[in-house]
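Q: Please find one structure pasted underneath; my questions will follow.
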Amino acid sequence: MQANGLWVVDASVALKWYLRDEALVENADRLMHAQAGGETQLTAPALLRYELAHGLVVASRLGRFPTGEILPRFNSFL
């Protein structure tokens, strides 16, 4: 994956960083590591934090991870 330039990340990508049972997690991880390594820049819509919070709550209610992990996962995003 070549990750040059500016990428717009939506909630479906950001949730992959916290829900490891999602499809294409490896692609989302490569994008995050490319940004961390200065190879690319990431930006996101202003509502991303709310969409991510909602996605984490729904995933927890569906039993994908314990409810007590919602806040730590969300805080690590912030």
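The values are calculated or read from the model by the stated rules, or taken from the named source; none is laboratory data. Treat the numbers as computed from the prediction; the structure is a model and nothing was measured. As a convention, Cβ positions derive from the backbone with ideal geometry for all residues, glycine included, and neighbour counts pool all protein chains shown. Heads up: the accessible areas ignore ligands, DNA and RNA and are worked out on the full protein's heavy atoms, side chains in. Shrake-Rupley method; radii C 1.70, N 1.55, O 1.52, S 1.80 Å.
Q: Would you say Leu15 is over 17 Å from Asn4 (Cβ atoms) and either under 11 Å from the mean Cα position of the chain (by Cα) or at pLDDT 95 or above (or both)?
A: For Leu15, the condition - over 17 Å from Asn4 (Cβ atoms) and either under 11 Å from the mean Cα position of the chain (by Cα) or at pLDDT 95 or above (or both) - is met.
Q: Restricting to region 30-58, count the residues that are in contact with a Lys or Arg (Cβ under 7 Å, 6 or more places away or on another chain) and open to solvent by 100 Å² or more (accessible area, probe 1.4 Å).
A: Total meeting the criteria: 0.
Q: Does region 24-69 hold any residues that are more than 16 Å from Val9 (Cβ to Cβ) and aliphatic (A, V, I, L, M), and which are they?
A: Scanning region 24-69 gives Val57, Val58, Ala59, Leu62.
Q: Filter region 13-29 for residues that are closer than 16 Å to Phe77 by Cα and of a type in the set (D, E, K, R); which is most open to solvent (accessible area, probe 1.4 Å)?
A: Arg20
Q: Do you know which of the residues in region 18-48 that are under 29 Å from Pro66 (Cα atoms) and small (Gly, Ala, Ser) is nearest to the chain's Cα centre (by Cα)?
A: Only one residue tops the list, namely Ala28.
Q: To continue, here is another question. Between Ala28, Ala36, Ala46, which is in contact (Cβ under 8 Å) with a residue 12 or more places away in the chain and of a type outside the set (S, T, N, Q)?
A: Ala28
Q: Considering only region 59-78, state which residues are among the hydrophobic types (A, V, I, L, M, F, W, C), open to solvent by 60 Å² or more (accessible area, probe 1.4 Å) and in a helix (DSSP H, G or I).
A: Leu71
Q: Being assigned to a loop (DSSP other than H, G, I, E, B) and exposed (fewer than 15 other Cβ atoms within 10 Å of the Cβ) is the filter here, so list the residues in region 1-12 that pass it.
A: Matches in region 1-12: Met1, Gln2, Asn4, Gly5, Asp10.
Q: Taking the residues in region 30-58 that are assigned to a loop (DSSP other than H, G, I, E, B) and of a type in the set (Gly, Ala, Ser) as candidates, determine which candidate is farthest from Arg73 (Cα to Cα).
A: Out of the qualifying residues, it is Gly38.
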